[in-house]
Amino acid sequence: MSSVVKLTTVRIALFGGTFDPVHRGHLAVARAAIRRYRLDRVLFAPADLPPHKLKRPLTPFFHRLAMLALAVSGEGRFVVSAVDAAGKRTRASYSIETVRRLKRRLGKRDRLFFLIGMDAFKDIATWYRPEALLKECDFIVASRPGFSLKDAFDALPLRLKPKAIVDRKRHAIALGKTTVYLMGGVRVPVSATEVRAAARRGKSLATLVPARVAAYIRRAGLYKR
Ligand code: ATP
């Protein structure tokens with residue numbers, strides 16, 4: 001009897017954020033990344049205590065997780081992950097820790113991408129250990145109107161710039177073992193800030209979030225203040 005060795009590679013993107021709440025912009029970015037980079041899964045991982053967003057009190061983690069679960073239902077390749085749940089942790093979790101935690105759970109042949117919007121990527125040099133993070137996995141940066149490959153290059157930490165090779169054909173920046181891909185063409189200019197403001201004013205959320213998420217926000221009375 002011959003044994004069958006599984007040699008399949010799973011292509012997974014980690015899509016982190018506060019998702020307060022998840023909205024149509026996030027979903028459009030994830031769908032586009034699946035199509036363009038032949039991804040098998042996008043893991044939506046809401047941050048529990050994100051280092052960059054503590055100026056504003058976040059909606060409790062379970063509400064953000066519940067809205068994500070509603071938003072991804074029916075989308076076969078979307079998964080909600082609690083990889084960034086605080087648990088007993090008392091301080092903010094850094095992306096490099098999340099990525100390493102996730103990589104330990106993946107198979108050797110699997111390929112991990114870090115999916116991020118350009119507005120967040122432009123500050124990457126100020127993150128915790130940005131060089132190490134950029135060496136851990138490939139990045140897919142969802143561009144926004146007005147941003148170019150040069151902006152992605154400019155955002156790189158100084159120490160990585162001399163090694164970076166701009167590949168205009170692939171719309172990418174090669175960083176030795178890893179690559180930063182710039183994904184253009186997603187134009188859904190919704191932000192969570194706009195959703196919260198609309199909810200506060202009692203406006204319709206129909207164009208901003210999926211219907212089930214809008215119903216959840218209404219029923220749970222979120223973003224009233
Ligand atoms: P807020 O308005 O509260 O700052 P947000 O809408 O940017 O929130 P986040 O949860 O902070 O949502 O975003 C998670 C990730 O998704 C970030 O990398 C962000 O850049 C990206 N992103 C959010 N909205 C869009 C959009 N409309 N198009 C492309 N990328 C987006």
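Being in a loop (DSSP other than H, G, I, E, B), closer than 25 Å to Ala28 by Cβ and modelled with pLDDT under 95 is a property that Val186 has.
Evaluated against (1) outside any strand (DSSP E or B); (2) away from the ligand (no atom under 16 Å from the Cβ), Val166 falls short on exactly one condition, (1). Only a single criterion out of (1) within 13 Å of the ligand (Cβ to nearest atom); (2) at pLDDT below 95; (3) buried (at least 16 other Cβ atoms within 10 Å of the Cβ) is not satisfied by Asp119, namely (3). Scanning region 125-151 for residues that are surrounded by 21 or more Cβ atoms within 10 Å (Cβ to Cβ), within 13 Å of the ligand (Cβ to nearest atom) and either of a type in the set (D, E, K, R) or modelled with pLDDT of 95 or more (or both) gives Phe139, Ile140, Val141, Ala142. Summed over region 189-208, the residues that are within 11 Å of the ligand (Cβ to nearest atom) and in a loop (DSSP other than H, G, I, E, B) give a count of 4.
For beta carbons closer than 9 Å, sequence separation of 6+ or different chains, a first residue in region 12-37 that is near the ligand (Cβ under 9 Å from one of its atoms) and modelled with pLDDT of 95 or more and a second that is among the basic types (Lys, Arg) and not in a loop (DSSP other than H, G, I, E, B), the qualifying pairs are Phe19/Arg64; Asp20/Lys53; Asp20/Arg64; Asp20/Arg196; Pro21/Arg64; Pro21/Arg196; Val22/Arg64. Being within 30 Å of Thr8 (Cα to Cα) and within 13 Å of the ligand (Cβ to nearest atom): is that true of Val180 here? Criteria not met by Val180.
The values are calculated or read from the model by the stated rules, or taken from the named source; none is laboratory data. Bear in mind that the values here come from a model prediction, so they are computed numbers and not experimental data. Every residue, glycine among them, receives a Cβ derived from its backbone with ideal geometry; neighbour counts consider all protein chains shown.
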